[in-house]
Amino acid sequence: AAPIELRDVRKRYPDGTVAVDNLSLRIDAGELVVLIGPSGCGKSTVLRMINRLVEPTAGQILIDGEDVTAADAVRLRRRIGYVIQNVGLFPHQTVHTNVGTVPRLLGWPKQVTRERSDELLDLVGLDPGRYGRRYPHELSGGQRQRVGFARALAADPVVLLMDEPFSAVDPIARTSLQREFLRLQAEVRKTVVLVTHDLDEAVRMGDRIVVLSQGAHLEQFGTPAQLLGE
Ligand code: ADP
Ligand code: ADP
């Protein structure tokens, strides 16, 4: 089964807004797929349905062949890492505690969680001894975002969902963070869905790009080269 599959997915919010009209999509293992489109076209709604933060009105969403609406919530958390703009780190928790969020939820032993946190901070280029006990406000925007990546990867998920993960970082730090993320991705090889409205970012990062219009209508789905007509 594909790591992510959407079948005729629709989302109509209670106020009548049809955010996603009828979307079908299959994403292959280990590829980084970018969802791009204008503001309000339904990108975040798609991610949030995959993550079950939003219930689809109709259709099916499968992770590794399993319907997310049937999946146990804790299991789903383990299989899906989620990174958002401004990361959403818990401000009153240290870096280690933030990175250990999902492992704690899963009941991993404390020592295992700590070792995993150290390992992941190393992986994202933050010295655990130096940064592990800091609080989010004691980090730069780029460092916070890296903690966000570490947290999302903590329980070794199948899928990584990222909603505008670079947009809160200043433009200079952004480029190097994007490059670092690609290096990280080359190591961990997750199936990634990245939402952005930045075409340069889409072309730089995406193995394939999904171009959406209002109502999450699929306009194009291809490699950057195909989309740029090369
Ligand atoms: P994007 O991420 O592409 O900017 P969104 O998925 O956030 O798009 O939004 C798609 C559409 O759904 C927009 O018209 C937005 O206003 C609407 N929308 C998003 N969330 C809600 C909600 N909770 N209730 C009602 N409408 C919503
Ligand atoms: P909280 O802030 O919620 O009390 P902490 O993150 O401070 O939780 O974790 C509890 C203690 O364990 C703290 O002293 C913290 O520094 C330490 N700790 C947590 N993870 C690690 C780790 N990976 N390596 C070393 N010490 C850790």
Checked Pro165, Pro128 against criteria (at pLDDT 95 or above and either at negative phi or within 12 Å of ligand 2 (Cβ to nearest atom) (or both)); the one match is Pro128
In the range 16-33, anything open to solvent by 50 Å² or more (accessible area, probe 1.4 Å), aliphatic (A, V, I, L, M) and part of a strand (DSSP E or B) is listed as Val18
Of all helices (runs of 4 or more DSSP H) fully inside the range 54-144, the set with 1 or more residues that are open to solvent by 30 Å² or more (accessible area, probe 1.4 Å) and among the acidic types (Asp, Glu) is 110-123
Only unsatisfied item for Val169, checking (1) surrounded by 20 or more Cβ atoms within 10 Å (Cβ to Cβ); (2) part of a loop (DSSP other than H, G, I, E, B); (3) in contact (Cβ under 8 Å) with a residue 40 or more places away in the chain, is (3)
Gln214: passes all of (1) exposed (fewer than 14 other Cβ atoms within 10 Å of the Cβ); (2) touching an Asp or Glu at 6+ places or on another chain (Cβ under 9 Å); (3) under 20 Å from Asp122 (Cα atoms) but (3)
Output for Cβ contacts, cut-off 6 Å, separation at least six or different chains, first residue free of Cβ contacts under 8 Å to residues at least 60 places away in the same chain in the range 68-92, second in a strand (DSSP E or B) and open to solvent by less than 80 Å² (accessible area, probe 1.4 Å), reads Val68/Ile61
In the set Arg208, Arg204, Arg174, Arg179, the lone residue that is open to solvent by 30 Å² or more (accessible area, probe 1.4 Å), within 26 Å of Gly229 (Cα to Cα), touching a Phe, Trp or Tyr at 6+ places or on another chain (Cβ under 8 Å) and not acidic (Asp, Glu) is Arg208
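The values are calculated or read from the model by the stated rules, or taken from the named source; none is laboratory data. Just so it is clear, the model here is predicted, and its values are computed rather than measured. Ideal geometry is used to build each Cβ from the backbone, glycine not excepted, and the neighbour counts take in all protein chains shown. Please note that ligands, DNA and RNA were not included when accessible areas were found on the heavy atoms of the full protein model with its side chains. Shrake-Rupley method; radii C 1.70, N 1.55, O 1.52, S 1.80 Å.
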